[in-house]
Structures are given as structure tokens and as C-alpha cells.
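Peer 1: Please read through the structure below; I'll follow up with questions.
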Amino acid sequence: MNPHPKKKDQACKSRKLYGWHPVHEHLRAHPRTVTEVYLLSSLQGTTIDQLAHHASVPVRYESPAFFD
């Protein structure tokens, strides 16, 4: 049981998703709730990159060190 249940009218101010599948699915299902996407530079042109650009979500391309 969750000791701190979220109230229905309480909006989540900030949420970070990690990993290919969670980010891909969230962009596909709820693109308007995404404020920014961080991707490895090597992932330019991938499905996530295309979904973000199609939804007008800013994409920042970073080095692997950024994600450590």
C-alpha cells in the first residue's frame, strides 16, 4: 500500500523517465505532457527523436558522460 497516495486533482510537477521503452511509450501516448527529451547524440533520427520532433518537444543531444 502506498503511504502517500496522490490526490486526483494534484498534478505531478516534475517526473523523469529513463530507458528506451518507457520514454518511447510516454511520447507515443502522452506527447503533450513531455517538456524536454535528452538523447545520446548517436540516437539522432531514431523513433524517439522523431516522436519528440513531431510533438514539438525540445530534444537535447548529450554525451554518454551526461547520463552517468
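The values are calculated or read from the model by the stated rules, or taken from the named source; none is laboratory data. A quick note: this is a predicted structure, and the numbers were derived from the prediction, not measured. In case anyone asks, the SASA skips ligands and DNA or RNA and just uses the protein heavy atoms, side chains included. Shrake-Rupley method; radii C 1.70, N 1.55, O 1.52, S 1.80 Å.
Peer 1: Using θ = phi - 60° and the Karplus form 6.51 cos²θ - 1.76 cosθ + 1.60, what ³J(HN,Hα) does each residue of the stretch 20-35 get, whole Hz, x for Gly and Pro?
Peer 2: 4, 5, x, 5, 4, 5, 5, 4, 6, 8, 9, x, 6, 8, 8, 9
Peer 1: If ligands, DNA and RNA are left out, what is the accessible area of residue 43 with a 1.4 Å probe, given in Å² to the nearest 10?
Peer 2: Looks like 50 Å² after rounding.
Peer 1: What do you reckon, how do 21, 54, 26 stack up by accessible area (1.4 Å probe), largest on top?
Peer 2: 54, 21, 26
Peer 1: Given a 1.4 Å probe and heavy atoms of the protein chains only, how would you sort 15, 28, 60, largest accessible area at the top?
Peer 2: Sorted by accessible area, descending: 15, 28, 60.
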